[in-house]
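My structure is below; once you've seen it, I'll send some questions.
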Amino acid sequence: MFKPLSLVILSVVIAACGGENEPSSQSQNRGVSDTEIVLGVFTDLSGPTAIWGVGATNAARMRFEEVNAAGGVHGRQIRYVVEDTSYQVPKAMSAANKLVNRDNVLAVLLAVGTPLNNAIMPMLFESNVPNLFPISGGRQMVEPFHPLKFTQRGIYYDEVRATVKYFVQEKGKATPCVIYQDTDYGVEILEGAQDQAKAMGLSIAEVSAHKPTDTEFTAAILRLKNANCDLVLMGTIHRDTILVLEAARKMGWSGVDWVGNNAVYAQVIADQESGEGFYSFVHMAKLYADDKMSPEVEVWWDSYVEKYDVEPGLAAMEGYRGADLTVVALEKAGPELTTEGLVKALESITDYTDIFGYRISFSPEKHSGATESVLSQVQNGRWTTLEQGITY
């Protein structure tokens, strides 16, 4: 007797799926096959933070290519899928959806931007996809604690609090002010400045907010100047930082210290006449070609220049370290690679020192790898490290 067609189809589907009680290999091993590990990133390659996106992505690719050329990780090659967002949340949502649902990535690595990461993380975590080492210092990258959140850089809020404490105690500043982008990132700067000022019995004398696309800052600078600010904390990135500093220079305003953070620590700021004397609190100090380097860093530097025909900046340093931390975790996780195994492997990295000499450590309770800041200043067109190990 012939079986009904519907029963035949049903039996074929069950056989193909391995039985209703047997989970699929995809659900157990997202982004992992016998020959490949798939990682991905949504990043800015063409927008206002492309300096960070391009540099970090290039360096990560270089590290993964080194690993693949040496045989991969436990016999698997690493494939890094990169999607451009132009620093736009809608494009980031589309890119993340592709990475999660079409590319089936094991993890997202080095995603650029506080507002973009904030928008995407719920989708990632719902699909059990870790967000590793985002190019963002927003508190949301580590708070509230989530097992799939890991960061390797300083947190903006902590850096700003360290800035206020340092400049008040060490440089005698008494009238702090804030100029910031009206974004998630900018609000982090404002809140950090306000909280540390309050803790020290001070108040923020003046505040100025702007859109990321604004280009005119004369009125904002005049307002800060009239408030007699002697310290301005900046929640800006490259373009608006340059415009703000240039507006202050044209106004002839002196006697004020301007201080940024990781988001503005780039050579493009140091190249500006108005950038001279600008400070930044960062988690790693930029290297220059004539700096004294270890043999390992010299090889890295020369390889990057040969491959991309440009000197590596801080973004490249951060991207290379993020990729290397990922490789270390993949090796620790062993050949039976799962998301849970990757997380446990990352948590077991308690004493990692990168090739540049900076330490990172994690634990099951601590997913924020870096806790200290470096104070740097633009002097004669280049970033110069003044102090290290600063906290609040």
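Taking the conditions exactly as written (closer than 27 Å to Ile51 by Cα, surrounded by fewer than 14 Cβ atoms within 10 Å (Cβ to Cβ) and hydroxyl-bearing (Ser, Thr, Tyr)), does Thr385 satisfy them or not? Quick ask: steps written out before the conclusion?
On the way: closer than 27 Å to Ile51 by Cα: yes; surrounded by fewer than 14 Cβ atoms within 10 Å (Cβ to Cβ): yes; hydroxyl-bearing (Ser, Thr, Tyr): yes.
Criteria met by Thr385.
Still on this structure: Out of (1) surrounded by 16 or more Cβ atoms within 10 Å (Cβ to Cβ); (2) on the phi < 0 side of the Ramachandran plot; (3) modelled with pLDDT of 95 or more, the odd one out for Arg102 is which?
Result: Arg102 passes all but (1).
Here's a follow-up. Being in contact (Cβ under 8 Å) with a residue 60 or more places away in the chain and within 16 Å of Tyr185 (Cβ to Cβ): is that true of Gly137 here? Steps first, please.
Working: in contact (Cβ under 8 Å) with a residue 60 or more places away in the chain: yes; within 16 Å of Tyr185 (Cβ to Cβ): yes.
Criteria met by Gly137.
Here's something else I'd like to know. Out of curiosity, is Asn68 in a loop (DSSP other than H, G, I, E, B) and over 19 Å from the mean Cα position of the chain (by Cα)? So that I can check it myself, show each step before the final result.
Numbers: in a loop (DSSP other than H, G, I, E, B): no; over 19 Å from the mean Cα position of the chain (by Cα): yes.
The answer is no for Asn68.
(1) crowded, with 16+ Cβ neighbours inside 10 Å; (2) not assigned by TED's automatic domain parsing to the domain that holds Arg63: which one isn't true of Arg321, the others all being true?
(2)
Among the residues of region 86-111, write down those that are β-branched (Val, Ile, Thr) and assigned to a helix (DSSP H, G or I).
Correct list: Val89, Val100.
Now a separate question. Does Ala266 satisfy the criteria of being of a type in the set (Gly, Ala, Ser), in contact with a Ser or Thr (Cβ under 8 Å, 6 or more places away or on another chain) and either closer than 24 Å to Ala370 by Cβ or buried (at least 17 other Cβ atoms within 10 Å of the Cβ) (or both)?
no
May I ask you to list the residues in region 236-267 that are without any contact (Cβ under 8 Å) to a residue 40 or more places away in the chain and part of a strand (DSSP E or B)?
Within region 236-267, Trp258, Gly260 qualify.
Moving on. From the set of residues in region 319-337 that are in contact with a helix residue (DSSP H, G or I) (Cβ under 6 Å, 6 or more places away or on another chain) and touching a residue at least 40 places away in the same chain (Cβ under 8 Å), which is nearest to Glu36 (Cα to Cα)? Break it down stepwise before answering.
Here is the first cut: in region 319-337, the ones in contact with a helix residue (DSSP H, G or I) (Cβ under 6 Å, 6 or more places away or on another chain) are 319-320, 323-324, 327, 329, 332-333.
When the remaining residues are screened for being touching a residue at least 40 places away in the same chain (Cβ under 8 Å), the result is 319-320, 323-324, 327.
On the way: Gly319: 21, Tyr320: 20, Ala323: 16, Asp324: 17, Val327: 13 Å.
My answer is Val327.
I'm checking my understanding of the structure. Among residues of region 200-235 that are without any contact (Cβ under 8 Å) to a residue 24 or more places away in the chain and small (Gly, Ala, Ser), which one is surrounded by the fewest Cβ atoms within 10 Å (Cβ to Cβ)?
Within region 200-235, the match that is surrounded by the fewest Cβ atoms within 10 Å (Cβ to Cβ) is Gly201.
Quick check on region 324-335. Is at least one of its residues touching a Pro at 6+ places or on another chain (Cβ under 8 Å), within 25 Å of Val142 (Cβ to Cβ) and of a type in the set (D, E, K, R)? Walk me through it before giving the result.
Restricting attention to region 324-335, the residues satisfying the condition of being touching a Pro at 6+ places or on another chain (Cβ under 8 Å) are none.
Checked against the condition, which is being touching a Pro at 6+ places or on another chain (Cβ under 8 Å), within 25 Å of Val142 (Cβ to Cβ) and of a type in the set (D, E, K, R), region 324-335 yields no hits at all.
Taking helices (runs of 4 or more DSSP H) that do not extend beyond region 270-386, which have at least 2 residues that are touching a strand residue (DSSP E or B) at 6+ places or on another chain (Cβ under 7 Å) and at pLDDT 95 or above?
Passing ranges, in order: 314-333, 339-347.
Check whether at least one residue in region 152-166 is without any contact (Cβ under 8 Å) to a residue 60 or more places away in the chain and buried (at least 19 other Cβ atoms within 10 Å of the Cβ), and report yes or no.
For region 152-166, residues without any contact (Cβ under 8 Å) to a residue 60 or more places away in the chain and buried (at least 19 other Cβ atoms within 10 Å of the Cβ): present.
The values are calculated or read from the model by the stated rules, or taken from the named source; none is laboratory data. Just so we're clear, the structure is a prediction, and the values are computed from it rather than from any experiment. Using ideal geometry, Cβ is built from the backbone for each residue, glycine included, and neighbour counts are taken over all protein chains shown.
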